[in-house]
1. Can you tell me which residues in region 2-39 are of a type in the set (Ser, Thr, Tyr) and either touching a residue at least 40 places away in the same chain (Cβ under 8 Å) or touching a Pro at 6+ places or on another chain (Cβ under 6 Å) (or both)?
2. Please find, among 48, 98, 61, the residue that is within 29 Å of residue 3 (Cβ to Cβ), out of contact with any Lys or Arg (no Cβ under 8 Å at 6 or more places or on another chain) and exposed (fewer than 15 other Cβ atoms within 10 Å of the Cβ).
3. Could you give every pair whose Cβ atoms fall below 6 Å, whose first residue belongs to region 83-97 and is within 14 Å of residue 65 (Cβ to Cβ), and whose second residue is at pLDDT 95 or above and aliphatic (A, V, I, L, M), counting only separations of at least 6 or pairs across chains?
4. Being among the acidic types (Asp, Glu) and over 26 Å from residue 100 (Cα atoms) is the filter here; which residues of region 1-40 pass it?
5. Looking only at region 84-122, filter to residues that are among the charged types (D, E, K, R), modelled with pLDDT of 95 or more and part of a strand (DSSP E or B); which one of those is nearest to residue 48 (Cα to Cα)?
Amino acid sequence: MILRSGIDTIEISRLDEVNPAIRKRFIQRVYTAREIAQTQERTEALTGLFAAKEAVSKALGTGIGRVHWQDIEIIHLPTGQPVVKLHGQAKTVADQLGLTTWSVSISHDRDKVVAMAVAIDG
């Protein structure tokens, strides 16, 4: 059995402190169209997805770089549960590692968000 995990935390205010023009480009580069639509560009939701993407990249053992931001997609089910969808290089790495089952959890505090991702084979 293969078990991999990753965790990340970020201050929510970091995204609000970015120049609006830079923020717009950042959102377009980091998030998929579906993620942008689901979050409606709300800062707390975006930072939660950002931390989750980082956590997934750590579980893959790549970090962001070899795997691109939009290769990792975090979608919320109607119940609110976040789920991981991998594309491109992230999917290739996960397949090579045999990681087929993912779980991700995102939690917000007053000024921070934390996310954890766990993946197993089979």
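The values are calculated or read from the model by the stated rules, or taken from the named source; none is laboratory data. These figures come from a predicted structure and were not determined experimentally. Ideal geometry is used to build each Cβ from the backbone, glycine not excepted, and the neighbour counts take in all protein chains shown.
1. Of the residues in region 2-39, the ones of a type in the set (Ser, Thr, Tyr) are 5, 9, 13, 31-32, 39.
Hits for region 2-39 are 5, 9, 13, 32.
2. Going through 48, 98, 61 in turn, the sole match is 98.
3. 89/67; 90/67; 90/72; 93/60
4. To start, the set of residues in region 1-40 that are among the acidic types (Asp, Glu) comprises 8, 11, 16-17, 35.
Matches in region 1-40: 11, 16, 17.
5. Restricting to residues being among the charged types (D, E, K, R), modelled with pLDDT of 95 or more and part of a strand (DSSP E or B), the top hit is 112.
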